[in-house]
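Written out below as structure tokens is the structure these notes cover.
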Amino acid sequence: MPMTIAQRIDQIRSQLNGRARLVAVTKTKPIPMLREAYEAGCKSFGENKVQEMIEKHPLLPADIDWHLIGHLQTNKVKYIAPFVSLIHSVDSLKLLQEINKQAARNNRTIDCLLQIHIAEEETKFGLSPDEAEALLNVPELDNLSNIRIIGLMGLATFTDNETQIRREFQGLKQLYDKLSTIQRTNVAFRELSMGMSGDYGIAVEEGSTLVRVGSAIFGERN
Ligand SMILES: *Cc1c(COP(=O)(O)O)cnc(C)c1O
């Protein structure tokens, strides 16, 4: 008998053992599967596309935390601003300004993570460590009172080489620790989003507080 979604969630939770929280990555998966995860006690869902998130959101219970984990275009921020819980993929001041504007329109403060490029692949989005540090120090941030930057997110290289993955996560944790010392009113680091189905074990060993796991819960995507 293959394991159920609930059993997989339980298994991952016991492996995390309180060290990191689980964001169930539900992209491409149908509503009944999301309901099953919800019934199993999982209340944090990650989607990588705005369109898919706004389609699923009204069909599911209101106490779900919706995490945007994929690249976000400024012209789409308005669609998720009323409800999104955490945006993992911020990579520019321009995007932060738009999130701030739309958050204010909704009388909200939206939590954000800066996405850092740690992988070897060229194609992945994200800021370099220096760019992230510079962004956290721009004076303009003081005007953005409806956002809060609460940490960093990164994706390791897609490889079987555990040493490389660990090294990349260690680098991200070091950057996290360094940038944690920055004192601004809307910067308060408390989340390090790293680890997916293939590498969340390494990620929690290296200090992740949030793992984003999809296929290990819901099965492979087509
Ligand atoms: C799809 C995705 C994940 C989850 O990937 P799995 O390997 O299925 O666990 C995590 N993070 C991001 C940014 C993703 O796009």
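Values quoted throughout were computed directly from the atomic coordinates according to the rules given, and no laboratory measurement underlies them. Just so we're clear, the structure is a prediction, and the values are computed from it rather than from any experiment. Positions of Cβ are backbone-derived with ideal geometry, glycine not excepted, and every protein chain shown enters the neighbour counts.
Figures for the structure shown
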{"item": "Antiparallel %, DSSP beta bridges [both residues in the chain], to 5", "result": "5"}
{"item": "At R0 = 22 Å, FRET efficiency that the Cβ-Cβ distance of residue 174 and residue 14 yields, to 0.05", "result": "0.20"}
{"item": "The chain: calculated mean residue ellipticity at 222 nm from DSSP helix runs of at least 4, using -39500 (n - 2.57)", "result": "-10500 deg cm²/dmol"}
{"item": "Residue 128/residue 105 FRET efficiency (R0 22 Å; Cβ-Cβ; nearest 0.05)", "result": "0.10"}
{"item": "For residue 2, net neighbour charge (Lys/Arg +1, Asp/Glu -1) across residues whose Cβ lies under 15 Å away", "result": "-2"}
{"item": "Total charge dipole magnitude, the chain, about the Cα centre, Cβ charges on Lys, Arg, Asp, Glu only, Debye to nearest 20", "result": "700"}
{"item": "Sites matching chymotrypsin sites (Phe, Trp or Tyr not before Pro) across region 1-110 that sit in DSSP coil, with at most 13 neighbouring C-beta atoms within 10 Å", "result": "none"}
{"item": "Contour minus Cα-Cα distance for residue 28 and residue 215 (0.36 nm per residue)", "result": "66.3 nm"}
{"item": "Region 1-100: antiparallel DSSP beta bridges as a percent of all, rounded to 5", "result": "0"}
{"item": "Extension gain (nm, one decimal) between residue 182 and residue 75, 0.36 nm per residue minus Cα-Cα", "result": "35.6 nm"}
{"item": "Positive-end residue, region 56-124 charge dipole about Cα centroid, Cβ charges, pick of 87, 72, 62", "result": "62"}
{"item": "Intensity falloff of the chain expressed as log10 I(q)/I(0), Debye formula with alpha-carbon point scatterers, at q = 0.07, 0.10, 0.14 Å⁻¹", "result": "-0.20, -0.42, -0.85"}
{"item": "Excluding exposed DSSP-loop GluC sites (Glu not before Pro) (at most 16 other C-beta within 10 Å), longest clean stretch of the chain", "result": "1-119"}
{"item": "Relative contact order of region 114-185, defined on C-alpha pairs under 8 angstrom at six or more residues apart (%)", "result": "39"}
{"item": "Neighbourhood net charge (12 Å Cβ-Cβ; Lys/Arg +1, Asp/Glu -1) for residue 143", "result": "0"}
{"item": "Alpha-carbon centroids, region 106-156 and region 163-201: separation in whole Å", "result": "12"}
{"item": "Residues of type lysines that residue 178 reaches as a straight line, Cα spacing below 24 Å, ignoring anything fewer than 8 places off in the same chain", "result": "94, 124"}
